[in-house]
Amino acid sequence: MLPSVVEFDGVCLSVVDRAGRPWIAFPDLVRALYGIKGDDTSVTPFVNVERALRRVPNSG
């Protein structure tokens, strides 16, 4: 059984079970990569990083 939440460097990440494989929600991934703590997704670093990551082609 997969955990529903994991912590990475002080940032809580929600884990979704998709056919037995763990997936992390996109906003949580952005927060973890850039150390943005809390739920404020309006902060400039979050917005800029989210836009940049959305340009990455879907690899799979």
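Where a number appears in this text, it was derived from the coordinates with a stated rule and is not lab data. Since this is a predicted model, take the numbers as computed values, not measurements. Every residue, glycine among them, receives a Cβ derived from its backbone with ideal geometry; neighbour counts consider all protein chains shown.
PHE8 sits among other residues whose Cβ lies under 10 Å from its own Cβ, and their net charge, with Lys and Arg +1 and Asp and Glu -1, is -2. In plain terms, the chain from ALA25 to MET1 could stretch by 6.8 nm, reckoned as 0.36 nm per residue minus the Cα-Cα distance. Of the residues LEU13, LEU2, the one with the fewest other Cβ atoms within 10 Å heads the list, and the complete ranking is LEU2, LEU13.
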